[in-house]
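A.B. asks: Please find one structure pasted underneath; my questions will follow.
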Amino acid sequence: METISLDTIIPNRKMGRLMSRPLVCVTLRGYTVDDVLKDAAVATAAGADLVEVRLDLLWAREQDRDATASGADADSNDSRGPKYEPPEIISQPLESVDIDAALASLKQGIDLPVVLTCRPERQGGHYPGEEAERIEVLSSAISSGVSWIDLEVDIVAESRKSLIEATKGKTKIIASLHSVENPPSASEIIQDVEDSSDMGDIVKLCYNTSGRADGLRLFEASWDLKETEYDYAIMGSGWGGDWTRIHAPILGQALVYATMEKGFHLSRMGRINASDLQMAWKLLEYE
């Protein structure tokens, strides 16, 4: 998991942000190390620049459900496609995962640079333990020599300082915020980026989005930020949330998150398939 530099991938990115190609980070699927490694191979073949491993998902499993309740029926109140029901996640016991063994297997089995993330429940993640235990997981992740580590901006200052010191300047940091609230005004989003800019190498903001107005707020904030010196990734987790991903090259985004998953439901979740994303950039003549 070799360290990757923004300036290596995007020469003179600061000098010509508007049409610079952002890094494409594929968030890997799977609840086991084996499943994650299989998806990593697919992402590599699809041309991903780096991949994200959600360590918190190692402590999660999908609840089996009746096929008749799979969400295939049309939603009479929504003309934008078939209703999608996200899987119900069941937490697994903390002792069910050997995190050191998992990290060793991931390091050996993934050729691309890796972002290691262990998302807490308060930001939509699935890690079942206490915060102190999660900090230990993040510390182990850094000690593994990973390229990137995702550290939420709401981690208490003392713990964040300890984790940053552990990186020794070798592991890059993504300072992230996943809000369950709808996007605030563009000026407030810009302020969120500015306030978090000294917490990591890239600021990642993800808000709950439910339509055009929310998507436009994210777009406006990104547009106003494009000529600044900040490195950021702004997106939404619902309708309109993928606008900033699709138009990232003209919005100065440093990083775009994608998936190898396919399906109509992705757009209503603000997500996008990595191959579809790169095809859209070509059709829009962004690259």
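The values are calculated or read from the model by the stated rules, or taken from the named source; none is laboratory data. A quick note: this is a predicted structure, and the numbers were derived from the prediction, not measured. Virtual Cβ from ideal backbone geometry, glycine too; neighbours counted across all protein chains shown.
A.B. asks: The conditions are (1) among the basic types (Lys, Arg); (2) modelled with pLDDT under 95; (3) within 20 Å of VAL146 (Cβ to Cβ), and LYS14 fails exactly one of them. Which is it?
C.D. replies: Of everything listed in (1) among the basic types (Lys, Arg); (2) modelled with pLDDT under 95; (3) within 20 Å of VAL146 (Cβ to Cβ), LYS14 misses just condition (3).
A.B. asks: GLU227 passes all but one of (1) farther than 24 Å from VAL97 by Cα; (2) without any contact (Cβ under 8 Å) to a residue 40 or more places away in the chain; (3) not in a helix (DSSP H, G or I); which number fails?
C.D. replies: (2)
A.B. asks: Scan region 31-47 and report the pairs whose first residue is assigned to a loop (DSSP other than H, G, I, E, B) and whose second residue is basic (Lys, Arg), with Cβ atoms within less than 9 Å and a gap of 6+ or a chain change.
C.D. replies: TYR31/ARG61
A.B. asks: Residue check: is ALA213 buried (at least 18 other Cβ atoms within 10 Å of the Cβ) and either under 10 Å from PRO22 (Cβ atoms) or of a type in the set (A, V, I, L, M) (or both)?
C.D. replies: On the way: buried (at least 18 other Cβ atoms within 10 Å of the Cβ): no; either under 10 Å from PRO22 (Cβ atoms) or of a type in the set (A, V, I, L, M) (or both): yes.
Spelling it out, it is not the case that ALA213 is buried (at least 18 other Cβ atoms within 10 Å of the Cβ) and either under 10 Å from PRO22 (Cβ atoms) or of a type in the set (A, V, I, L, M) (or both).
A.B. asks: Condition first: assigned to a loop (DSSP other than H, G, I, E, B) and either closer than 22 Å to CYS25 by Cα or out of contact with any strand residue (DSSP E or B) (no Cβ under 7 Å at 6 or more places or on another chain) (or both). Now tell me which residues in region 193-211 satisfy that. Show your work before the answer.
C.D. replies: Start the filter on region 193-211 by keeping residues that are assigned to a loop (DSSP other than H, G, I, E, B), which leaves 200-201, 208-209, 211.
Across region 193-211, the qualifying residues are GLY200, ASP201, ASN208, THR209.
A.B. asks: So if I check each of ILE234, ILE173, ILE135, ILE190, which one is β-branched (Val, Ile, Thr), part of a strand (DSSP E or B) and surrounded by fewer than 22 Cβ atoms within 10 Å (Cβ to Cβ)?
C.D. replies: Working: ILE234 fails: surrounded by fewer than 22 Cβ atoms within 10 Å (Cβ to Cβ); ILE135 fails: part of a strand (DSSP E or B); ILE190 fails: part of a strand (DSSP E or B).
The unique qualifying residue is ILE173.
A.B. asks: Which residues, taken from region 138-170, are without any contact (Cβ under 8 Å) to a residue 60 or more places away in the chain, in a loop (DSSP other than H, G, I, E, B) and of a type in the set (A, V, I, L, M, F, W, C)?
C.D. replies: Those that are without any contact (Cβ under 8 Å) to a residue 60 or more places away in the chain, in a loop (DSSP other than H, G, I, E, B) and of a type in the set (A, V, I, L, M, F, W, C): VAL153, ILE155, VAL156.
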